[in-house]
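Please read the structure below before turning to the comments.
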Amino acid sequence: MAETLILPETANRREIYESLLPQLQALTDGEPDVTANLANISAALKEAFGFFWVGFYLKKEEQLVLGPFQGPIACTRIHFGKGVCGTSYARKETILVPDVEQFPGHIACSSLSKSEVVVPVFDRNGEVAMVLDVDSDQLNDFSEVDVQQLEKVAALITSLLPH
Ligand code: SME
């Protein structure tokens, strides 16, 4: 496909996600390189929503290591169980944080980040291969719509991972 996103002119996030998802599918279809796909997915989410930071932390041996992202430079390594990302990894579940200052152990890569959502991405064996972290510079910027739709993005990524 042409490498241009076509996005609806609306502030309704659900509509934007619903437009974006098939475009992410098309953008990654047939491309076996995981890094390339994660890079384009993080860029597309950033472009579509203008989030402060969007990116991936990949499970590598016994840590999460920074992967493709869009936004300011970020912490490189996160231990399992630490921060929102490490907690999402350990619990194998999505975590929505309306106010990062209220999340015990939140890792502040940037003091500008105010709320975030972290979604685990499973491999084909049901193990967490990485987490998708989306940060906002606004308090309480995420809802169940983001959770549901970002989990769809995570499911798409699972389908792109090698067997
Ligand atoms: N806030 C995350 C760390 C990653 S950065 O925000 C990009 C956390 O607590 O895990």
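Quick note: the coordinates plus some simple rules give every number you see, no bench work behind them. Note that the structure is a prediction, hence the values are computed from the model and not measured. Backbone-built Cβ (ideal geometry, glycine too); neighbour counts: all protein chains shown.
With unit charges on the beta carbons (Lys and Arg positive, Asp and Glu negative) and the dipole taken about the Cα centre of the chain, which residue among Cys75, Ala26, Ala44 sits farthest to the positive side? Of Cys75, Ala26, Ala44, it is Cys75. Taking a label point 7 Å from the Cα of Gln138 along the Cα→Cβ vector, which residues of region 1-37 have an amide N closer than 11 Å to it? 11-13, by backbone N distance to the label point. Mean residue ellipticity, 222 nm, helices only, the chain: the sum of -39500 (n - 2.57) across DSSP H runs of n ≥ 4, divided by residue count and rounded to 500, is -11500 deg cm²/dmol. Listed by chain and number, the aspartates and glutamates placed with their C-alpha closer than 20 angstrom to that of Lys59 are Asp33, Glu93, Glu116, Asp123, Glu127, Asp133, Asp135, Glu151; residues fewer than eight positions away on the same chain are left out.
Legend: residue pairs Lys46/Lys82; Lys92/Lys152; Lys60/Lys114, Cα-Cα distance threshold 20 Å; pairs beyond threshold, Lys46/Lys82; Lys60/Lys114. In this calculation the C-beta distance from Glu3 to Ser111 is compared with R0 = 30 Å, giving a FRET efficiency of 0.35.
Taking K and R as +1 and D and E as -1, what net charge do the other residues with C-beta under 13 Å from the C-beta of Val145 add up to? Computed value for this residue: -3. In order along region 112-119, the phi-based Karplus estimate (6.51 cos²θ - 1.76 cosθ + 1.60, θ = phi - 60°) of 3J(HN,Hα) comes to 7, 6, 10, 9, 7, 9, 10, 10 Hz; Gly and Pro are listed as x. Placing +1 on the Cβ of every Lys and Arg and -1 on the Cβ of every Asp and Glu, with nothing else charged, gives region 17-163 a dipole about its Cα centre of roughly 360 debye. Near Val121, the amide H atoms lying under 5 Å from its own belong to Ala129, Met130, Val131, Leu132; only residues 5 or more places off or on other chains count, and H is placed 1.01 Å from N. Peptide packing: for 101-109, 126-134, the average count of neighbouring Cβ atoms within 10 Å per residue gives the ranking 126-134, 101-109, highest mean first. Multiplying the residue separation of Phe103 and Gln23 by 0.36 nm and subtracting their alpha-carbon distance yields 25.4 nm.
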